[in-house]
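Read-outs: derived from the displayed coordinates by stated rules, not from any lab. Since the model is a prediction, treat every value here as computed from it, not as a measurement. In this analysis, Cβ positions are derived from the backbone assuming ideal geometry, glycine residues included, and neighbour counts consider all displayed protein chains.
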Amino acid sequence: MKLYFFFAIPLLLAAYFLYEEEEVLMEKQKGVCWVGMPDTITREDVIKLKTSGITWISQTPFGWQQAPSDTTLRFEKNTNRTPWWGESFEGIAATTRLAKQEGIQTILKPHLWLRQSWPGEVEMKSEKEWQAWFRVYEEFILGYAKLANTTGIEILCIGTELQKTIHRSEWNSLIKRIRSIYKGKLTYAANFNEFEKVPFWNELDFIGIQAYFPLTKDENPTVEKLELGWQEPMERIEAVHRKINKPILFTEVGYKSTTDAAIEPWLWPSREMVSNVSEQTQANAYHAFFKVMWKKDWMEGVYFWKWYPKTPKRSVDHDFTPQGKEAEKIMTEWFSKK
């Protein structure tokens, strides 16, 4: 009996440590969408994230496309246009290093910026134009795949809200090219009305959703009403998860601090919104999200739009950021739970 117990101790210890490791690996991504600023950042800018329980950031560099059917794309490596420091290759690498020093991980999420439009409208008029667009998009995203690999970025998002492109077979070969360069995890950031239609989820590691679901038709909604608003989107998300068997990652979710924040959450703030500022509505929306979604076993994590490394010069009273508002208290409370 004593001999058996002697040999059992190492096995028990090994099982314990494996369990502990699994628990660490299973911890959700507690993220915010980091705003790339014009100026350099400091370690102190990153340390501030930890006080709110944040363990991940997403970094968003841009490519500029004039119109939805334009086959040219301008980005840092193919143009003389100089991006803000925080959106540059240099800035992304430096931010990643500083974040790693504080135990904070990164998802790199390149995004297309269109004049008077948005990525969901990108659509070519002919087969020849489609092939030309994918060639330039491949150059764009492979550059960031190389950057993500050399800097040890943990997740790469291969596209954002490109809902009129997803039916194209070019995505399959592009994903293979990306995986030949980048050894981390991959996702795609599907718009909230697109995620059920993406044909290449099986080729990725996470089902990424830009979760700007409309939750109500009312201003100043209660937490309870917003919880009800999440029920239909939650059922759709669960159905996709069951079908694909991949974890769900909310690559973006956000609410302005305005009375109508949960009606059309995707709308950018305007000057007119200054008159209907409401920290409480924003906080209620955060609270409803956590109460409904956070404990789902398929929920990999969330990135709240958005977080400024340094205080902006303009007012953010009605902006998406939760910083210094009631919503930050809600986020910190849930992110700090074990």
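Annotations for the structure displayed:
- Take the Cβ atoms of M234 and E121, set R0 to 41 Å, and the FRET efficiency comes out at 0.90.
- Structure-based [θ]222 nm, the chain - -39500 (n - 2.57) summed over DSSP H runs of at least 4, per residue, nearest 500: -12500 deg cm²/dmol
- Near E154, the amide H atoms lying under 5 Å from its own belong to T106; only residues 5 or more places off or on other chains count, and H is placed 1.01 Å from N.
- Projecting the Cα atoms of G53, N193, W230 onto the charge dipole of segment 29-335, computed from C-beta unit charges around the Cα centre, puts G53 farthest toward the positive end.
- Amide H partners (placed H, <5 Å) of T258, local residues excluded: S278, Q282
- Gain upon complete extension [E139, H167; 0.36 nm per residue less C-alpha separation]: 8.1 nm
- Within segment 283-302: backbone nitrogen closer than 17 Å to the K225 label point (7 Å, Cα to C-beta): 283-289
- Its Cα centre serving as origin, the chain has a Cβ charge dipole (Lys and Arg +1, Asp and Glu -1) of approximately 780 debye.
- Think of the chain as a dipole: +1 on every Lys or Arg Cβ, -1 on every Asp or Glu Cβ, centred on the Cα centre; then among T150, P214, H167, T150 lies furthest on the positive end.
- Of all lysines in the structure, those lying under 23 Å Cα to Cα from K77, and not within fewer than 8 positions of it along the same chain, are K109, K146, K176, K183.
- E102-T150 pseudo-label distance in nm [points 7 Å out on the Cα-to-Cβ vector]: 2.5
- Violating pairs (Cα-Cα greater than 25 angstrom) within the set K50/K295; K217/K337; K291/K338; K164/K296: K217/K337; K164/K296
- Inter-site label distance for W294 and N80 at 7 Å from Cα along Cβ, in nm: 5.0
- Residue separation of N276 and K183 scaled by 0.36 nm, minus their Cα-Cα distance, works out to 28.9 nm of gained length.
- Near G63, the amide H atoms lying under 5 Å from its own belong to H111, L112, W113; only residues 5 or more places off or on other chains count, and H is placed 1.01 Å from N.
- Between T72 and T332, the distance separating the two model label sites (each 7 Å from Cα on the Cα→Cβ line) works out to 4.8 nm.
- 3J(HN,Hα) from dihedral phi, segment 197-205, Karplus parametrisation 6.51/-1.76/1.60, rounded to Hz, x for glycine, proline: 10, 6, x, 10, 4, 4, 8, 10, 9
- Pairwise centroid distance, computed over Cα atoms, of segment 185-219 with segment 122-139, Å: 23
- Among beta bridges that DSSP assigns inside segment 29-335, antiparallel share in %, nearest 5: 5
- Positive minus negative residues near G143 (Lys, Arg vs Asp, Glu; Cβ under 9 Å): 0
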